[in-house]
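Here is the structure we will look at, set down as structure tokens.
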Amino acid sequence: MNRFRSWLAARAFRRPILVHAHCDVPCGIYDPHTAQIAALGVVRMNQLIAELPKPGPQTGPQELEAYQHKLARYTHVKEINAEACKHELRIIWGDYFTPEHLQKFPDLHGLFWETMKLASKTRQEVNLQAAQDLLAKVQRIAEIFWKSKNVEVRKQPSLQKSGGELLYPVPAAK
Amino acid sequence: MPTLRQAVRRWFAPLLRAPAHVTGPSMEPALLPGTRLQLTSLRRMPRRGSVVVLEAPDDPGRWDVKRLIGLPGELIEWQAGQFSINGTPLQEPYARLSAQGPGDHQESRTVRLGPREYFVAGDNRPSSRDSRHYGPVSRNRLVAEAERA
């Protein structure tokens, strides 16, 4: 029955149905926090890859398979996080910032460009330093973002296994 | 009024466990754009926290994927993307919250659901258009439940 249903579904729905996870929020809400979390994810995956015991001549086939599987997973998640970071940055860069912001923060385009390149580098390489640089750049963007709204920021420990810090907006005292 | 094609698709898609493909970021981090799903028939009483596919209230020809937050008859409150059900905060390990969530600009942050109404929201609260904007969704707009393929 299940095989028949699968066959019928494959015939009837040759192309998957698109289901929309819409984000067209009409009230102009942007937040660089998600980009920071994604960058922190890239840092963590680099750490996990570095901590993975490397196989040697004595490694058995099962251990080798386990190593390859873990390495593939960590690399895959690193890719996803780096791409998610770029996606979030694209939204802030393209949708939030305006020419008026550029006058106030003249290095904005250069900063975004460098950050996007760095995010690509973290996809191409296993490079913890690049990942940490990416996090620092994203935090610089977050700082500019909140400054453009005249909001102070503070850094505090991420309290995640990756260590490091995250940057948060500080609500003005009433 | 749905076309015959839309009606047939709506009827058969969950029945045949049709494949689906996520587009857009509002269900991140659980469902990234490109995630493949399989549609399944709705339970008689859909469960809170399940992922559902629904007809978009602003465009019935489009299907949205969201998470079920509120069930019929419940009192839903939200602030900065955090929900409470009948006064009890909802624990949502899957949600990506933000200091300021969409919908905070709206005056009303509390809604009592009717007998056949559901409250849906995207996991990526800062970047989701959902019941916080278009209000509760009636049962007849829910098309299917979805699970990872």
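Values in this text are rule-based calculations from the coordinates and carry no lab data. The shown structure was predicted, so the numbers you read here are calculated from the model rather than taken from an experiment. Don't worry about glycine lacking a Cβ; one is built from the backbone with ideal geometry, like all the others, and counts go over all protein chains shown.
Which of the peptides B:120-128, B:140-148, A:97-105 is most tightly packed, and how do the rest follow, going by the mean number of other Cβ atoms within 10 Å of each residue?
Top to bottom by mean Cβ count within 10 Å: B:120-128, B:140-148, A:97-105.
Can you give me the C-alpha center-to-center distance between the range B:116-141 and the range A:61-127, rounded to a whole angstrom?
The distance from the Cα centre of the range B:116-141 to that of the range A:61-127 comes to 30 Å.
So how strong a dipole does the range B:1-52 carry about its Cα centre when Lys and Arg Cβ are +1 and Asp and Glu Cβ are -1, to the nearest 20 debye?
Its charge dipole is roughly 300 debye.
How tilted is helix A:61-91 with respect to the longest principal axis of chain A? Cα atoms for both, answer in degrees (0 to 90, nearest 10).
For A:61-91 against chain A, the angle is about 30 degrees.
Quick one: divide the alpha-carbon radius of gyration of the range A:121-173 by 2.2 N^0.38 Å and tell me what you get.
In units of the globular-protein estimate, the range A:121-173 measures up at 1.32.
Starting from the Cα of A:V151, move 7 Å in the Cα-to-Cβ direction to define the label point; list residues of the range A:70-93 whose amide nitrogen is under 19 Å from there.
A:88-93
Past 23 Å, Cα to Cα, is the threshold; run A:K54/A:K117; A:K70/A:K161; A:K54/A:K161; A:K161/B:K66; A:K121/A:K149 against it and keep the listed order.
A:K54/A:K117; A:K161/B:K66; A:K121/A:K149
Applying a 10 Å radius around every beta-carbon, put A:116-129, B:11-24 in order of their mean neighbour count, most first.
Going by the mean number of other Cβ atoms within 10 Å, highest first, we get B:11-24, A:116-129.
Given q = 0.18, 0.26 Å⁻¹, what are the Debye log10 I(q)/I(0) values for the range A:87-167, with equal point scatterers placed on the Cα positions and solvent ignored?
Reported log10 I(q)/I(0), two decimals: -0.82, -1.32.
By the gyration tensor of its Cα atoms, with a ≥ b ≥ c the square roots of the eigenvalues, what is the shape of chain A: rounded for a/c under 1.5, prolate for a/b over b/c, or oblate?
Oblate shape, in that a/c is at least 1.5 and b/c is the bigger or equal ratio.
May I ask for the Kirkwood hydrodynamic radius of the range B:40-149, worked out over all distinct Cα pairs and given in angstroms to one decimal?
Over the range B:40-149, the inverse of the mean reciprocal pair distance is 14.0 Å.
Can you classify the protein assembly as shown as rounded, prolate or oblate using the Cα gyration tensor, where a ≥ b ≥ c are the square roots of its eigenvalues, rounded means a/c under 1.5, and otherwise it's prolate if a/b beats b/c and oblate if not?
Oblate shape, in that a/c is at least 1.5 and b/c is the bigger or equal ratio.
Using helices alone, I'd like the mean residue ellipticity at 222 nm for the protein assembly as shown: each DSSP H run of four-plus residues gives -39500 (n - 2.57), total over residue count, nearest 500.
When only DSSP H runs of four or more count, the value is -12000 deg cm²/dmol.
Nearest 10 degrees, 0 to 90: what angle lies between the long axis of helix A:2-12 and the longest principal axis of chain A (Cα atoms)?
50
Over the whole of B:122-132, what's the average partner chain Cβ count within 10 Å per residue? Rounded to a whole number, please.
4
What number, in percent, do you get for the relative contact order of chain B if the mean sequence gap of Cα pairs under 8 Å and at least 6 apart is divided by its residue count?
Once normalised by length, the contact order is 29 percent.
Between 0 and 90 degrees, rounded to the nearest ten: what's the tilt of helix A:108-124 against the longest Cα principal axis of chain A?
The helix A:108-124 is inclined about 20 degrees to chain A.
Roughly speaking, what is the stretch gain from B:L97 to B:A80, that is 0.36 nm per residue apart minus the C-alpha to C-alpha distance, in nm to one decimal?
Length gained between B:L97 and B:A80: 5.4 nm.
Calculate the length of the line joining the C-alpha centroid of the range B:45-86 to that of the range A:131-156, in whole Å.
Going from one Cα centre to the other spans 33 Å.
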